[in-house]
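Asks: This is the structure I want to talk about, given as structure tokens.
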Amino acid sequence: MKKNLLEPGSVCLHIVDVQKSLMSKIDGVKAVEKNIELLLHCSKILRIPVLASTQYKKGLGPYVEQIEALVEDFPQFDKVTFSAAADSATAAHLDSLKPALQTVIVVGVETHICVYQTAADLLDLGFGVWVVVDAVSSRNRFDHDIAVERLQEIGATIGSTEMLIYELLGRAGSKEFKEILPFIVERDI
């Protein structure tokens, strides 16, 4: 019987293009940044693999500072394709996480471009895709909303940051729950 709920041992977190120059124009940017930070803390506590992608870093620059500091120890891939999964180094890294890796959790920008195309390619590669709707955005709400609709149509799972975290935790009272809870409580969005 296939399980519908995610487990930490079968997922990875993929951060897409949260670069300063792009993020400065994103709708709801502060909430997106805070949610990505929370997911990074959660991933560390639950020992979930993380990978980060940038879009043409030479031209568009580094990640926003607070997220850059949190991803410095994780694999990072620079791409010129809109889909991170179309980048050969990224695809090879994801392939190296098999067979444990079943679902890729996608966060970042922009929902209607790089997030959408990455998710579509990941689905084509046979991965489940979970897009964290409050940890992705676009320059305008219309493009974001249309992309979320399209992501659902092609088979991506859509959910919120807290929904995902509590699904991965599975229960209260554990050591991991007690470590993650302060980050959830402190988040001010």
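Any read-out appearing in this document is the output of simple, stated calculations on the displayed coordinates, not a laboratory observation. Given the structure is predicted, the values throughout are model-derived calculations rather than measurements. Methodologically, a virtual Cβ is constructed for each residue, glycine included, from the backbone with ideal geometry; neighbour enumeration extends over all protein chains shown.
Asks: Full-extension gain between Gln66 and Ile154, please, as 0.36 nm times their residue separation minus the C-alpha to C-alpha distance.
Replies: Gain on extension, Gln66 to Ile154, equals 28.4 nm.
Asks: Once label points are set 7 Å from the Cα along Cα→Cβ at both Glu162 and Ser10, what is their separation, rounded to one decimal in nm?
Replies: Each label point is offset 7 Å from its Cα along the Cβ direction, giving 2.6 nm.
Asks: Between Phe74 and Leu97, what is the label-to-label distance in nm when each label sits 7 Å out along the Cα-to-Cβ direction?
Replies: Inter-label distance under the simple model: 0.8 nm.
Asks: Rg and Dmax in Å for the range 138-189, alpha carbons only: what are they?
Replies: Rg, Dmax (Cα atoms, Å): 15.0, 40.
Asks: Something else: Pairs Lys3/Lys58; Lys34/Lys175; Lys3/Lys175; Lys25/Lys98; Lys57/Lys98: which exceed 30 Å Cα-Cα?
Replies: Where the Cα-Cα span goes over 30 Å, the pairs concerned are Lys3/Lys58; Lys25/Lys98.
Asks: Over the chain, one equal point on each Cα, no solvent: what is log10 I(q)/I(0) by the Debye formula at q = 0.08, 0.09 Å⁻¹?
Replies: Treating every Cα as an identical point scatterer, log10 I(q)/I(0) equals -0.22, -0.28.
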